[in-house]
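Below you will find the structure I want to go over with you.
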Amino acid sequence: MEHKIAVIPGDGIGPAIVAEACKVLDAAAAKFGFGLCYTELLMGGASIDVHGVPLTDETIETAKASEAVLMGSIGGDAKTSPWYKLEPQLRPEAGLLKIRKSLNLFANLRPAYLYEELRAACPLRDEIIGEGFDMMIMRELTGGLYFGARQTVEENGVRKATDTLDYSENEIRRIAIKGFEIARKRRKKVCSVDKANVLDSSRLWRAVVEEVGKDYPDVELSHMLVDNCAMQLVRDPAQFDVILTENMFGDILSDEASMVTGSIGMLSSASLNETKFGLYEPSHGSAPDIAGKGIANPIATVLSAAMMLRYSLDLDEAADAIEAAVKQVLKEGYRTGDIMSEGCTLVGTKEMGDLIAARV
Ligand code: IPM
Ligand code: MG
């Protein structure tokens with residue numbers, strides 16, 4: 001069976017890391033006997049350069065007509081790139097927000113765990129790391145502050161800017177359900193994160209999550225204020241299984257969680273809607289400073305491709321094989337620069353892709 005995959009290489013290191021992910025996918029396809037047909041799409045700066053906008057309607061339609069989207073990264077250097085001289089809604093990031101909204105990708109899964117092999121890269125003290133940690137940040141991705149009404153006006157010579165944070169109970173319920181479902185397949189713990197001591201949207205969030213939780217008596221539900229959560233992530237990350245939170249809190253906390261693993265170049269992500277369709281991308285950005293140098297770590301994208309096989313294509317065996325191949329390569333001591341440590345073998349982007357593909 002031939003699966004239709006839309007591929008968005010994007011900007012910066014995006015094309016290089018996506019090429020390696022496709023190489024690994026092809027190795028898995030050959031081994032497990034399925035077919036993949038890729039359609040390459042432009043988004044972000046790459047689309048601005050050709051079409052003048054970061055995402056065209058045509059691109060959205062092609063993405064919709066596929067089973068899943070595999071993405072690299074978008075954006076450039078905000079100081080030097082001409083893309084950032086454009087109006088905000090024409091910049092690369094606007095394309096990413098638009099594709100999430102257009103495809104209704106409301107559930108963003110960002111796993112953050114410590115690879116035993118990469119323990120040395122973790123910035124936390126050994127006694128805090130303990131036995132290691134493994135959490136899943138579930139971030140609401142199409143509502144809240146990033147999609148509310150906003151404006152900048154000038155009143156009597158004074159500039160004033162407004163952003164709106166709104167959530168309907170339906171938006172909260174559907175992400176909460178996903179959160180509990182995912183928790184069921186893990187350690188059965190949901191920590192819902194909000195700012196209910198201040199925000200109305202958070203009070204509604206907490207109430208709806210409580211309601212949904214009643215349908216999952218086997219899952220332990222707790223609530224935590226976002227400022228406390230930011231602290232707990234570096235104080236005792238092992239306490240978390242699933243962290244369920246709204247858009248902006250999830251944006252910030254997922255960066256923090258990835259940093260405590262010590263290896264943002266390793267972390268994958270999936271953005272899902274109510275069907276099997278999903279968009280898969282590494283948690284890191286486009287790293288324009290190292291683009292074209294052949295040194296970027298492709299592992300986060302390779303692992304995102306594995307998530308795609310698991311969640312959108314039901315090819316669990318192939319996903320397992322890719323994840324095992326990544327672990328094996330790390331065990332053998334191969335490292336890209338970002339995760340390099342003493343006694344290991346330094347390799348580039350392509351070499352890392354080849355090593356993983358050969359072990360699938
Ligand atoms: C992310 C990024 C995006 C976001 C930006 C680029 C719009 O930070 O995926 O976390 O805030 O969602
Ligand atoms: Mg972010």
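The values are calculated or read from the model by the stated rules, or taken from the named source; none is laboratory data. Here the structure is a predicted model, which means the values were calculated and not measured. Cβ placement follows ideal geometry from the backbone for every residue including glycine, while neighbour counts extend to all protein chains displayed. For accessibility, only protein heavy atoms count, side chains too; no ligands or nucleic acids. Shrake-Rupley method; radii C 1.70, N 1.55, O 1.52, S 1.80 Å.
Among (1) of a type in the set (A, V, I, L, M, F, W, C); (2) more than 16 Å from ligand 2 (Cβ to nearest atom); (3) in contact with a Ser or Thr (Cβ under 9 Å, 6 or more places away or on another chain); (4) farther than 17 Å from Glu274 by Cα, there is one condition Met71 misses while meeting the rest; what is its number?
Of the numbered conditions (1) of a type in the set (A, V, I, L, M, F, W, C); (2) more than 16 Å from ligand 2 (Cβ to nearest atom); (3) in contact with a Ser or Thr (Cβ under 9 Å, 6 or more places away or on another chain); (4) farther than 17 Å from Glu274 by Cα, the odd one out for Met71 is (2).
As an exercise: evaluate Val302 against (1) touching a Ser or Thr at 6+ places or on another chain (Cβ under 9 Å); (2) within 16 Å of ligand 1 (Cβ to nearest atom) and give the number of the one condition it does not meet.
(2)
Inside the range 330-355, can you point out the residues that are touching a strand residue (DSSP E or B) at 6+ places or on another chain (Cβ under 9 Å), part of a helix (DSSP H, G or I) and aliphatic (A, V, I, L, M)? Can you show your working first?
First, the residues of the range 330-355 that are touching a strand residue (DSSP E or B) at 6+ places or on another chain (Cβ under 9 Å): 332-337, 340-341, 344-347, 351-352, 355.
Subsequent filtering for residues that are part of a helix (DSSP H, G or I) retains 337, 351-352, 355.
Result: Met352, Leu355.
Here's a follow-up. Please state which one of Gly44, Gly72, Gly33, Gly95 is under 21 Å from Ile356 (Cβ atoms), open to solvent by less than 30 Å² (accessible area, probe 1.4 Å) and among the small types (Gly, Ala, Ser).
Gly72
Here's another thing I want to ask about it. Output the residues belonging to the range 169-210 that are open to solvent by less than 50 Å² (accessible area, probe 1.4 Å) and part of a loop (DSSP other than H, G, I, E, B).
Of everything in the range 169-210, those that are open to solvent by less than 50 Å² (accessible area, probe 1.4 Å) and part of a loop (DSSP other than H, G, I, E, B) turn out to be Lys195, Ala196.
Can you tell which of Lys160, Lys98 is over 26 Å from Met266 (Cβ atoms), of a type in the set (Lys, Arg) and outside the structural domain of Cys191 (by TED's automatic domain parsing)?
Step by step, each of Lys160, Lys98 is checked, and only Lys98 is over 26 Å from Met266 (Cβ atoms), of a type in the set (Lys, Arg) and outside the structural domain of Cys191 (by TED's automatic domain parsing).
Something else about it: Inside the range 257-295, can you point out the residues that are among the acidic types (Asp, Glu) and modelled with pLDDT of 95 or more?
Matches in the range 257-295: Glu281, Asp289.
At least 2 residues that are in contact (Cβ under 8 Å) with a residue 12 or more places away in the chain in each: list the strands (runs of 3 or more DSSP E) lying fully within the range 99-163 that qualify.
Details: elements: 107-113, 134-140, 150-155, 158-163.
The qualifying strands (runs of 3 or more DSSP E) are 107-113, 134-140, 158-163.
Provide a single number: the residues in the range 322-360 that are of a type in the set (Gly, Ala, Ser) and surrounded by 16 or more Cβ atoms within 10 Å (Cβ to Cβ).
Count: 4.
If you scan the range 171-204, which residues turn out to be more than 21 Å from Val219 (Cβ to Cβ) and either of a type outside the set (Gly, Ala, Ser) or touching a Pro at 6+ places or on another chain (Cβ under 9 Å) (or both)? Full working, then the answer.
Applying the first criterion (more than 21 Å from Val219 (Cβ to Cβ)) to the range 171-204 yields 195, 197-201, 203.
Hits for the range 171-204 are Lys195, Asn197, Val198, Leu199, Asp200, Arg203.
Could you list all residues from the range 298-320 that are assigned to a helix (DSSP H, G or I) and open to solvent by 20 Å² or more (accessible area, probe 1.4 Å)?
Within the range 298-320, Arg310, Tyr311, Asp316, Glu317, Asp320 meet the criteria.
Check whether at least one residue in the range 27-40 is among the charged types (D, E, K, R), assigned to a helix (DSSP H, G or I) and in contact (Cβ under 8 Å) with a residue 24 or more places away in the chain, and report yes or no.
Among the residues of the range 27-40, at least one is among the charged types (D, E, K, R), assigned to a helix (DSSP H, G or I) and in contact (Cβ under 8 Å) with a residue 24 or more places away in the chain, which makes the answer yes.
Moving to a separate point now. Are any residues in the range 9-29 among the hydrophobic types (A, V, I, L, M, F, W, C), open to solvent by less than 30 Å² (accessible area, probe 1.4 Å) and under 15 Å from Gly294 (Cβ atoms), and if so, which ones?
Those that are among the hydrophobic types (A, V, I, L, M, F, W, C), open to solvent by less than 30 Å² (accessible area, probe 1.4 Å) and under 15 Å from Gly294 (Cβ atoms): Ile13, Ile17, Val18.
Working carefully through the options Arg119, Arg125, Arg139, find the one that is within 16 Å of ligand 2 (Cβ to nearest atom) and basic (Lys, Arg).
Sole residue among the options that is within 16 Å of ligand 2 (Cβ to nearest atom) and basic (Lys, Arg): Arg139.
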